[in-house]
1. If I take every Cα pair under 8 Å that is 6 or more residues apart in the chain, average their sequence separation and divide by the length, what percent do I get for the relative contact order?
2. Kindly state, to the nearest 0.05, the FRET efficiency for residue 330 paired with residue 236, given R0 = 45 Å and r defined as their beta-carbon distance.
3. Compute from the Cα atoms of the chain the Rg and the Dmax, the latter being the longest Cα-Cα distance, and quote both in angstrom.
4. Return the FRET efficiency for the residue pair residue 216, residue 491: r is the Cβ-Cβ distance, R0 is 60 Å, and the value is rounded to the nearest 0.05.
5. Taking amide H positions as placed 1.01 Å from N in the peptide plane, with prolines and chain starts having none, which residues 5 or more places from residue 100, or on another chain, fall under 5 Å of its amide H?
6. For the chain, what is the calculated [θ] at 222 nm in deg cm²/dmol (nearest 500), taking -39500 (n - 2.57) for each run of four or more DSSP H residues and dividing by its residue count?
7. When you count, for each residue, the other Cβ atoms within 10 Å and take the mean per peptide, how do 324-332, 423-431 rank with the highest first?
8. Over all pairs of distinct alpha carbons, what does the Kirkwood formula give as the hydrodynamic radius of segment 281-411, in Å?
Amino acid sequence: MFSRDNLFFGGIFVLMTTIFMVWGFNYLANNHTLFIIATLFGIFMAFNIGGNDVANSFGTSVGAKTLTVKQALMIASIFELGGAMLAGAAVTDTIRKGIVDISAMDFDPMLFVFVMMGSLLSAGTWLLYASRKGYPVSTTHAIVGGILGGSIALGYVTMQAGESVFGLVHWDQITKIAISWVVSPILGGMASYGIYWYLKRNILDYNDAVEAHMNSIKEQLSALKASHNEETATSEEKAAYQNQVHELNRLKKKQNAFYALRTHAPIAAAFGTAMIAGMLLFKGLKNAHLGLDDTQIFVLLAVLSTLMYGVVYAIIKVMHKDTPHKATMRVFSMLQVLTASSFAFSHGANDIANAIGPFAAIIDILATGQINAESPVPVIAMATFGVALVAGLWFIGKEVIDTVGSRITEIFPVTGFAAELGATLVILLATKMGIPVSSTHILVGAIIGIGMLNRNANWALMRPIAMAWIITLPASAIMAALFFFILKIVFGY
């Protein structure tokens, strides 16, 4: 518990939180008590996003033994914080996802502060429970449920008699979220199934056949040597023996053990690079405003893919001292680090908004006294919440990592790469088409797709996970409404 690593990461977490608290006291002229409580709730939410969402993203890499938990943490630290700081939104929508129309309500803006505080606390609480159980769930659904429940509670205390607050709920958005419960894992499973089928058929099965052939040759050579007597054999028998040895050795050399890996792994790497770079450019860096049109982006993707094809081909060319199986695992371990890193960057750039969005709305109201359509996000807040993400991964992410990395199905570098690439493909297509999907559900579905092809999926575990997906939104909503009323009473509103 009090290991050197725990003390180090815990110390950084506490130090950054303290610095942010000091900044907030200077930034706000009053409402310091509310600011402290809201900060604790917001950091609590970010901490639990790290323990669930970030852990979920790195589960396949850790499960495949490509990365240790500590290595995953270091990569997460760099890419999560990098995504948040470099590509995170400078402003965030006050009312995320347009779940409830509050424009028709007339209320004190401070009540909306309680809505957002209750949302952060409820979503964080649900994520903490799910993380302790090892269930990967959607943090977006959790915060949306929190805002929905808090807003309904707000409407209950502000609407006039005869008016229904449920009429203010954008049920079309709720319907899209419900559909994503089914669509996201199915699409993820289909994509990873197809990718892994290609890799298994063209590389893994070929490797198995090659190694079986090599072993057969070795057995034939051993049998020949055992039956051949150099002293008693005639010159004809010696010549026949040498011809057989020569022929078997010739076949052994002719059999190109690395043909499949050299042919198909660079293709997989090039395709993966295109998907990863596309996700970063279209999703991870969407707030960076790079000024690139679609044509320029596609040209850039082609250049990067070609470069990766050449790099992977060159690496395989110098790996002939390894067995085909060992070389394959090494190549796809490297590729899996690439996919995991891109996931972390995109996550830091986008999903950190699930914690920073409501919090930015809170401090904007505390500073201005009114609700604005958009709220500025201070850089120090983004950095603090990014540190909280990493701390959450370190302290409470191990259960989710274990679930995603080994309990749903067996993961090794090739299957881990296929799952992450399949999830990346679906997220990229959904982003371009404007389809609301859950990255968590997609990745879990992708892992199930691998398990289906290998016929070792843990369907018994998927039942409670699927139930947790369904419960996430209503559970967060109910808790947020309860927390709203508690905060309202405590602060005398």
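1. On the way: 791 pairs, mean separation 199.7, N = 493.
RCO, the chain: 41 percent.
2. Details: r = 47 Å, r/R0 = 1.05.
That pair, residue 330 with residue 236, gives E of 0.45.
3. 27.5, 112
4. Working: r = 79 Å, r/R0 = 1.31.
After rounding, the FRET efficiency stands at 0.15.
5. Close amide H contacts, sequence-distant or interchain: 170.
6. Only helices count here, giving -25500 deg cm²/dmol.
7. Averaged packing, sorted descending, gives the order 423-431, 324-332.
8. Numbers: mean 1/r = 0.0530 Å⁻¹.
Result for segment 281-411, one decimal place: 18.9 Å.
The values are calculated or read from the model by the stated rules, or taken from the named source; none is laboratory data. This one's a predicted model, so the numbers in the text were calculated from it and none came from an experiment. For neighbour counting, all protein chains shown are included, and Cβ atoms are generated from backbone atoms with ideal geometry for every residue, glycine included. In case anyone asks, the SASA skips ligands and DNA or RNA and just uses the protein heavy atoms, side chains included. Shrake-Rupley method; radii C 1.70, N 1.55, O 1.52, S 1.80 Å.
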